[in-house]
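Novice: Would you mind keeping the following structure in view while I ask a few things?
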Amino acid sequence: MLKRLGALFCTLILIVPLLSSCTSQERKSVSGTFFIFETIAQIRIYDTDDESLLDKCKEFLDRYEDVFSATRSTSELYKINSSRLSDIEISEDIYVTVKKALEVCEMTQGRFDITIRPVSKLYNFTAEGFVPPDDEEIKNGLQSVSYRNISVGKESGRYFLHKENADTELDLGAVSKGYISDRLKDYMRSIGIKNAMIDLCGNIMCLADDTGNDPDAYKIGVFDPTDIEGKDPVIVNVSDSCVITSGTYQRNAEYNGKLYHHILDARNGLPAQGDLVSVCVVCKEGIMGDLLSTGLFLLGEEGIEAELPENTGVLYIYEDGTRKYAGNFKDLM
């Protein structure tokens, strides 16, 4: 049931977005649904009926499976995690995502940590009969968790990752989809697509005509897990921006009456505690939106006072339905 709900939430988020400039005459578009990184990707391209564009976008996405998949044995990330070397040559994709992610690790003082993989892989939320890891398993996993054990560098056009601990493993789940949406947006522009929407299971990236004639081209509905019926919807107006949410409802499971979710606090290896249920970030870059939605969730109440990048808005939703805002979020409503 939980897995079915997760897919439903992805679908709900995709259906809500509409082009504000649409008239009563239906706007021409093509759309496709794909499966990538064990989740759903949906793309809609406006002002065209050329479905071959969807095939090109799918091929572009498939390339990143061989970079960021944590479970595919042929992927670059899998090979990095399996390597016992202290210095590893990496691609520009890994370099950029790790470098940016390390900034958020520092901002959260290690609550968010991209080396959490030895612990996060212990939580198998897709398994039938979910059982959380025990204290000893978590303790053992945490021994190789510290973002300070890794660094990245560039020399003569080549990129490198350094591991202080050979057992260090990277978990790029909180950055890869945002980064990929940025790259797909760039690729779409390069092949002549001007208006489109990308949804990587709730990570929404909007591509709008870069003439700037329509600064609020899309109306995006933000899912509120405390308002399933949508009695008090949150609608943001965006153009050429991303809308990315992290929440306890996305990947979770119950065990002995207790809810376990996928947003882990690297200080103890446990799901983040508190009364936050989701954090939604609106900004220009998918990579930053992805990282901030998770990092700010882990900071909790402290995150509301955090310094944000320019033109960034944040919505915090709590268990009791309370909503709090930061940055320019209210200006987008």
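Novice: In this structure, is residue 252 loosely packed, with under 13 Cβ neighbours inside 10 Å, of a type in the set (S, T, N, Q) and either over 15 Å from the mean Cα position of the chain (by Cα) or on the phi > 0 side of the Ramachandran plot (or both)?
Specialist: No: the conditions fail for residue 252.
Novice: Could you please let me know if residue 153 is in a strand (DSSP E or B) and without any contact (Cβ under 8 Å) to a residue 40 or more places away in the chain?
Specialist: Considered against the rule, which asks whether it is in a strand (DSSP E or B) and without any contact (Cβ under 8 Å) to a residue 40 or more places away in the chain, residue 153 comes out as yes.
Novice: Go through region 132-147 and count every residue that is in contact (Cβ under 8 Å) with a residue 24 or more places away in the chain and surrounded by fewer than 13 Cβ atoms within 10 Å (Cβ to Cβ).
Specialist: Qualifying residue count for the region: 1.
Novice: Out of region 62-102, which residues are farther than 20 Å from residue 166 by Cβ, among the charged types (D, E, K, R), in contact with a helix residue (DSSP H, G or I) (Cβ under 9 Å, 6 or more places away or on another chain) and without any contact (Cβ under 8 Å) to a residue 60 or more places away in the chain?
Specialist: Those that are farther than 20 Å from residue 166 by Cβ, among the charged types (D, E, K, R), in contact with a helix residue (DSSP H, G or I) (Cβ under 9 Å, 6 or more places away or on another chain) and without any contact (Cβ under 8 Å) to a residue 60 or more places away in the chain: 66, 72.
Novice: May I ask you to verify whether residue 128 is of a type in the set (D, E, K, R) and either closer than 24 Å to residue 146 by Cα or part of a loop (DSSP other than H, G, I, E, B) (or both)? Spell out how you get there, then give the answer.
Specialist: Values: of a type in the set (D, E, K, R): yes; either closer than 24 Å to residue 146 by Cα or part of a loop (DSSP other than H, G, I, E, B) (or both): yes.
When the stated conditions are applied, residue 128 passes them.
Novice: Can you name every residue in region 222-269 that is among the β-branched types (Val, Ile, Thr) and either at pLDDT below 90 or not in a loop (DSSP other than H, G, I, E, B) (or both)?
Specialist: Those that are among the β-branched types (Val, Ile, Thr) and either at pLDDT below 90 or not in a loop (DSSP other than H, G, I, E, B) (or both): 222, 228, 234, 235, 236, 238, 243, 244, 245.
Novice: Identify the single condition in (1) in contact (Cβ under 8 Å) with a residue 40 or more places away in the chain; (2) in contact with a strand residue (DSSP E or B) (Cβ under 6 Å, 6 or more places away or on another chain) that residue 326 does not satisfy, given that it satisfies every other one.
Specialist: Just one mismatch for residue 326, condition (1).
Novice: Which residue pairs have Cβ atoms closer than 6 Å, lie 6 or more positions apart in sequence or on different chains, and pair a first residue in region 44-60 that is closer than 21 Å to residue 218 by Cα with a second residue that is small (Gly, Ala, Ser) and not in a loop (DSSP other than H, G, I, E, B)?
Specialist: 44/29; 44/31; 45/196; 46/29; 54/32
The values are calculated or read from the model by the stated rules, or taken from the named source; none is laboratory data. On a predicted model such as this, the values are computed, not experimentally measured, just so you know. All Cβ positions, glycine included, derive from the backbone under ideal geometry; neighbour counts span all protein chains shown.
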